[in-house]
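See below for the structure under consideration.
The values are calculated or read from the model by the stated rules, or taken from the named source; none is laboratory data. Note that the structure is a prediction, hence the values are computed from the model and not measured. A quick note on method: Cβ atoms are made from the backbone with ideal geometry, for glycine too, and the neighbour counts reach across all protein chains shown. In case anyone asks, the SASA skips ligands and DNA or RNA and just uses the protein heavy atoms, side chains included. Shrake-Rupley method; radii C 1.70, N 1.55, O 1.52, S 1.80 Å.
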Amino acid sequence: MAREHPSIEYPFTRLPEEEMRRRSRAFLDHISTRRSVRHFAPDPVPREILDDALRAALLAPSGANRQPWHFVVVGDPGIKQRIREAAEEEEKRNYEGGRFPERWLRHLEPLGTDWQKPYLEIAPWLVVCFREDYRVLPDGARENNYYVLESVGLACGFFIAALHAAGLATLPHTPSPMGFLSRILGRPPSEKPFILFPVGYPAPGARVPDIRRKPFAEVVQDDDGGAGAESVGGGPRGRAPR
Ligand code: IYR
């Protein structure tokens with residue numbers, strides 16, 4: 001290396017293949033049960049549990065480790081009400097004011113969504129993720145961040161997975177346009193609202209759309225070339241999980 005920068009040894013232990021198989025399947029089984037939820041119970045959720053999920057989100061990789069995100073946690077009923085009202089105003093124009101093209105409305109039909117967003121008041125927490133496009137230096141100059149969408153998307157993915165692991169439900173909601181969130185939550189112009197997450201328990205009997213994921217082989221191209229080691233347990237390699 002040309003120049004020395006501080007580094008630490010990565011504390012990594014290789015697992016026995018058997019254990020890897022067990023864990024990869026256990027994680028898949030766990031994440032397979034995650035669904036986006038639009039019907040929440042009003043029951044309170046301990047803040048520490050939410051904060052742990054946020055801590056997990058903050059561990060996501062990011063372009064040049066700039067961590068170009070900012071999360072706002074809202075529990076205040078008055079602020080939740082303002083967010084709901086502003087979101088519904090925008091969504092009403094989308095759904096019923098002709099702002100969504102016909103094709104978009106058709107694609108949303110299976111989800112059963114409309115302009116009404118009661119979950120924004122019912123869920124005990126709203127978490128708003130802002131993406132930080134640039135930082136303002138002390139001299140006022142703008143310093144752009146790198147791969148902002150990729151980075152913030154990864155952090156939100158970690159967040160969703162962590163909430164699910166904790167036994168909570170959420171929905172990546174993007175009321176469009178979302179500028180009202182910057183105003184209500186007082187975030188600076190260097191940040192843009194990215195995703196709004198209601199967080200809580202599903203309402204008793206909550207229903208979700210009966211939709212399917214694309215089959216593995218449709219979205220994974222296999223140019224394996226024999227890179228996967230022969231299975232010790234026998235059986236063919238490269239079989240798609242379910
Ligand atoms: N933001 C709107 C519309 C919407 C858009 C997409 I793309 C979805 O996957 C779901 C909803 C709403 O929340 O209703």
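Here are some notes:
- Selection count where residues are among the basic types (Lys, Arg) and within 11 Å of the ligand (Cβ to nearest atom), scope the range 97-108: 1
- Just one of the listed residues (Arg84, Arg93) is assigned to a helix (DSSP H, G or I), in contact with an Asp or Glu (Cβ under 8 Å, 6 or more places away or on another chain) and within 15 Å of the ligand (Cβ to nearest atom), and it is Arg84.
- Of the residues examined, Ser176 is one that is surrounded by 12 or more Cβ atoms within 10 Å (Cβ to Cβ) and at pLDDT below 95.
- For the criterion of being out of contact with any Ser or Thr (no Cβ under 6 Å at 6 or more places or on another chain) and either more than 22 Å from Val208 (Cβ to Cβ) or surrounded by 12 or more Cβ atoms within 10 Å (Cβ to Cβ) (or both), Thr33 fails.
- Pair list, Cβ < 8 Å and 6+ apart or interchain, from the range 109-134 residues that are within 16 Å of the ligand (Cβ to nearest atom) to residues that are assigned to a helix (DSSP H, G or I) and open to solvent by 60 Å² or more (accessible area, probe 1.4 Å): Trp115/Lys92; Glu121/Pro77; Glu121/Gln81
- Any pair with Cβ under 7 angstrom, 6 or more apart, that starts in the range 66-94 at a residue that is more than 23 Å from Arg47 (Cβ to Cβ) and ends at one that is among the aliphatic types (A, V, I, L, M) and open to solvent by 30 Å² or more (accessible area, probe 1.4 Å): Ala86/Ile184
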